[in-house]
Protein chains: 2
Amino acid sequence: MRHTYHDIECCAAKVALDQISGKWKPIIIFHLSAGPRRFSELWREIPRVSKKVMLEQLRQLEAATLVERTVHNGFPPEVTYHLSGKGQQLAPILQQLEQWALTHIEGVVQIS
Amino acid sequence: MRHTYHDIECCAAKVALDQISGKWKPIIIFHLSAGPRRFSELWREIPRVSKKVMLEQLRQLEAATLVERTVHNGFPPEVTYHLSGKGQQLAPILQQLEQWALTHIEGVVQIS
C-alpha cells in the first residue's frame, strides 16, 4: 500500500502549487488569460502591487514557462506578456479554484 | 479598469492556494478523497513524512475546515480523518492540477 515517489519530493500537485504560489501570480495569470498585456497595462489592472514586485513575479512566471515575454520592434520597443500554452491550460483550473474559494471561504471577494 | 479588492489582500484563488500550500497537504487530501483513514493508515500511505509533521498538516487542514476528525467510541477509542464537504469539492480541482503538472512539468511523477 506504500506508494513510491521517484525523483521528486512530493506529488505533482505540490510541484504545480509551488509554481503558482506567489502572492500576485494567480491574479497575473487571470489577467493575462484575457489576452496579452503591456507591463504598464497589467500594473494598472492589479491594485496595490509595486512595479518592482510585479516584475519579480512576472520573471518567476517566465522562469516557470507559464508566461512569455515578447519584444516588439519599434521606437521605443514595446514589451508585452502573454500566457504560454502551459499557462493557458492552467487558467481554467485556477478559475475553478477561485470559484471554490468564493463558495467555501468566508470573506473572499471576486477579482472582477 | 482598476479593480477593487475589499477586505482581503488578494484574489480568492490566492486565499485558496494558501489553505492548501503545505508540503503534504495536497497528498493528504488525495488520500482522504478515497475515504476516511485512521492516522496510522494515512501515515503508512504517505512515504517519508514524520508523524509529527503529518499531525501538524492535519491540524492545519482541520483549522481550514477541509478535514474533519471523528473520535469513535471503543477501547481504545479510534480516531479517523475524513474530508469535509468543502474538502471533497476541492479534491477534483487538485486532481486537475496534478494532471496539468504531469503534462507540463518535467520530472514529476504520479502519486498512485
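No lab work stands behind these numbers, since they all come straight from the coordinates. Quantities reported herein were computed from a predicted structural model and do not represent experimental measurements. Here the Cβ positions follow ideal geometry from the backbone for every residue, glycine too, while neighbour counts run over all protein chains shown.
Quick notes on this structure:
- Near the amide H of A:R38, within less than 5 Å, lie the amide hydrogens of A:Y81, all on another chain or at least 5 residues away, with H placed in the peptide plane.
- Positive end of the dipole of the protein assembly as shown (Cβ unit charges, origin at the Cα centre): among A:L61, B:S50, B:L94, the Cα lying farthest that way belongs to B:S50.
- Calculated on C-alpha atoms, the gyration radius of the protein assembly as shown divided by its Kirkwood radius gives an Rg/Rh of 1.03.
- Each Lys and Arg contributes +1 and each Asp and Glu -1, all at the Cβ; summed about the Cα centre of chain A, the dipole is approximately 220 debye.
- Neighbour counting of Cβ atoms within 10 Å sorts the residues A:E78, B:E45, A:E106, fewest neighbours leading, into A:E106, A:E78, B:E45.
- Rounded to the nearest 20 debye, the dipole size of the protein assembly as shown about its Cα centre is 320 debye, using +1 on the Cβ of Lys and Arg and -1 on the Cβ of Asp and Glu.
- Using a cutoff of 8 angstrom between alpha carbon atoms and counting only pairs six or more residues apart, the relative contact order for chain B works out to 24 percent.
- Across the identical copies, how the A:F75 labels are spaced - nm, sorted shortest first, 7 Å along Cα→Cβ: 9.2
- Applying Stokes-Einstein at 20 °C and 1.002 mPa s to the Kirkwood radius of chain B, computed over alpha-carbon pairs, gives a translational diffusion coefficient of 138 µm² s⁻¹.
- Phi-derived couplings, Karplus 6.51 cos²θ - 1.76 cosθ + 1.60 at θ = phi - 60°, listed residue by residue for the stretch B:65-70: 6, 8, 10, 10, 10, 10 Hz, with x used for Gly and Pro.
- For A:V67, the residues whose modelled amide H falls within less than 5 Å of its own, excluding neighbours fewer than 5 places apart on the same chain, are A:E62, A:S84.
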